[in-house]
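Reading through the structure tokens given below for one structure.
We did not get these values from a lab; they are worked out from the coordinates using the rules stated. Keep in mind that what you see is a predicted model, and the values were worked out from it rather than measured. So basically every Cβ, Gly included, is an ideal-geometry build from the backbone, and we count neighbours across all protein chains shown.
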Amino acid sequence: MIVNEQRLAAALPGYTIGEQLGAGGFGLVVAGRHQRLRRDVAIKVIPVETAVASGEFTSEAEMLASLDHPHIVRVYDYLEVDGLGLIVMELLTSGPLTRRRNLNQPQACAVGMAVAAGLAHAHERGILHRDIKVGNVLFDIAWTAKVGDFGIARMFTGSGVTGTARGAGTPMYMAPEQIVGGRLSPATDLYALGVLLYQLLTGAPPFDPALSLAQLWQRQLASPPPPLRGVPRPVADVVLRALAKDSADRYADAASFAAALAAAAVAAYGPGWLAGTGLPLHLTDEIRGIAAPAPAAQPPPTLTATAPTTSPAGRAGQARAEGTVPATRRPSAPSTLSWDFPAAGSGTREGRQPARGRPRRRWWQRPQITVPLAILTAVTVTAVALVVAIDPGHPSAGTGRTPTPTPTTTPSSSLAPQPLGPPLTDHTSNVLSVAFSPDGYTLATGSGDTSGGRDPADVRLWDVADRTRPTALGQPLTDHAGAVESVAFSPDGR
């Protein structure tokens with residue numbers, strides 16, 4: 001479509017018309033700026049006479065204007081002038097999702113939750129998008145993900161809406177019911193969101209888009225999607241459910257999908273995963289509570305120590321730990337630690353003597369400092385006592401006799417280490433070094449025999465995206481002449 005700039009300027013006298021941003025089957029999009037409000041905008045242009053059906057473009061504008069959500073592109077104005085339909089909407093300067101090729105898995109999940117939040121808002125108002133794909137997710141200057149291009153959106157309330165295999169959707173993202181012309185529902189958009197997430201997490205869609213259209217649709221209708229290699233099981237299960245052939249087997253609505261994805265991300269990446277993505281998310285309180293759970297209150301670890309009677313250090317440490325060491329001066333502890341900063345104008349300047357009759361205290365003699373120092377001293381001596389108790393051969397152990405072994409520390413059960421999965425047993429000699437890749441999803445291990453034996457040395461790589469089920473990656477590297485005593489990844493992980 002070619003539209004003369006002067007024609008656009010005449011249709012929008014309050015705007016300065018900029019460069020073309022994109023074009024497609026539904027028209028083109030150009031940049032603009034509202035002269036009085038000084039607001040940058042995107043202007044979607046389509047010839048009114050070429051609309052697919054009478055009133056369709058007006059319907060799109062009305063639907064978009066009814067949607068007001070942080071994760072949906074906002075519409076400012078709609079008008080028909082000189083045979084042109086014009087939708088004025090917010091300009092998203094950071095571009096579409098297609099430009100963000102370096103998202104890690106937690107960030108991909110955050111984008112999926114943002115899209116789900118926008119879809120939930122639209123679905124609550126009876127609107128289906130019908131064309132969710134990476135090209136229709138855009139970012140603003142703060143990197144907030146927003147759903148755009150409701151060009152083929154439809155109302156699904158009342159008698160519902162049916163799909164069509166021609167002109168409604170992008171083939172690679174189309175749900176089975178959309179392909180065969182069946183009844184569409186919010187689950188149709190969730191299928192497309194499942195394809196988008198699969199693509200972000202694995203780097204490729206579930207089915208090869210290079211196939212002919214007939215072959216592609218046949219696989220989408222009959223073949224299960226391949227497993228998501230390198231994706232933790234909880235997250236993979238959420239995506240695969242969204243890709244179910246029968247819409248009844250998918251999530252009931254976008255909010256249910258978002259809740260499941262949030263819980264899966266916490267299980268796979270830890271409770272702090274959301275904050276680490278750096279992407280703004282506008283979620284309901286319920287979904288945010290699942291995605292970013294408050295840390296559970298943990299009781300302090302219980303430490304007990306019994307030092308040998310022959311160890312002076314042990315006796316001193318035990319006495320201090322129990323608080324039985326006499327003190328010539330025991331100041332009352334303040335409720336909060338405070339540091340002794342002089343008030344403005346009251347401190348002594350360099351070269352000036354302090355006032356008579358008020359001996360100046362050293363910094364370690366001040367009450368505010370004495371309490372932390374006493375605590376620090378007790379903790380330090382206790383730590384020394386623990387070391388002596390653990391190591392009978394320590395020179396501070398007194399008479400030189402080996403003391404009777406006694407338990408030294410009893411950590412609480414919450415701190416007890418637990419295995420995450422089966423041990424890695426493929427090495428035939430001692431494992432001397434391990435290293436994680438910068439993204440935390442690959443583990444390198446190096447082995448060898450440092451005693452002069454003939455056990456082979458090798459380096460192995462492991463996929464540890466699912467920490468409970470690590471799997472070997474490729475063949476081991478066995479060309480080393482000696483033991484591999486150190487392995488490392490380059491900073492970019494390549």
Over 5 Å intervals from 0, what percent of Cα-Cα pairs in the range 93-294 sits in each interval?
1, 8, 17, 21, 22, 17, 9, 4, 1, 0
Using +1 at the C-beta of Lys and Arg and -1 at the C-beta of Asp and Glu, which of A483, G440, S451 has the Cα lying farthest in the positive direction of the dipole of the range 423-494?
G440
What distance in nm lies between label points placed 7 Å from Cα along the C-beta direction at S433 and R219?
4.1
With label points set 7 Å from each Cα along the Cα-to-Cβ direction at S451 and R241, the distance between them in nm comes to 5.2
What ³J(HN,Hα) values, in whole Hz, does the Karplus curve 6.51 cos²θ - 1.76 cosθ + 1.60 give for the range 279-287 when θ = phi - 60°, with x put for Gly and Pro?
9, x, 10, 10, 10, 5, 4, 5, 5
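Only Cα pairs under 8 Å and at least 6 apart count here; give the relative contact order of the range 163-268 as a rounded whole percent.
Working: 130 pairs, mean separation 30.1, N = 106.
It rounds to 28 percent for the range 163-268.
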Can you tell me the length gained on complete extension of the stretch A9 to A275, counting 0.36 nm per residue apart and subtracting the Cα distance?
91.4 nm
Around P176: net Lys/Arg minus Asp/Glu count, Cβ-Cβ under 12 Å:
+1
Evaluate the range 169-244: find the radius of gyration of its Cα atoms, find its Kirkwood radius, and give the ratio Rg to Rh.
0.94
Taking the Kirkwood radius as the inverse of the mean 1/r across Cα pairs, report the Rg/Rh of the range 423-494.
0.98
Amide H contacts under 5 Å for G22, restricted to residues at least 5 apart in sequence or on another chain and with H modeled in the peptide plane, are V29
Counting only residues 5 or more places away or on other chains, whose amide H sits under 5 Å from the amide H of L84 once H atoms are built in the peptide plane?
V48
Amide H within-cut-off set for V484, under 5 Å, with H built and near neighbours excluded
S447, G448, D458
Once the in-chain neighbours fewer than 8 apart are removed, the lysines whose Cα is under 29 Å from K44 read K133, K146
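Could you compute the FRET efficiency for L79 and R99, with r as their C-beta to C-beta distance and R0 at 35 Å, rounded to 0.05?
Details: r = 30 Å, r/R0 = 0.87.
E between L79 and R99, to the nearest 0.05, is 0.70.
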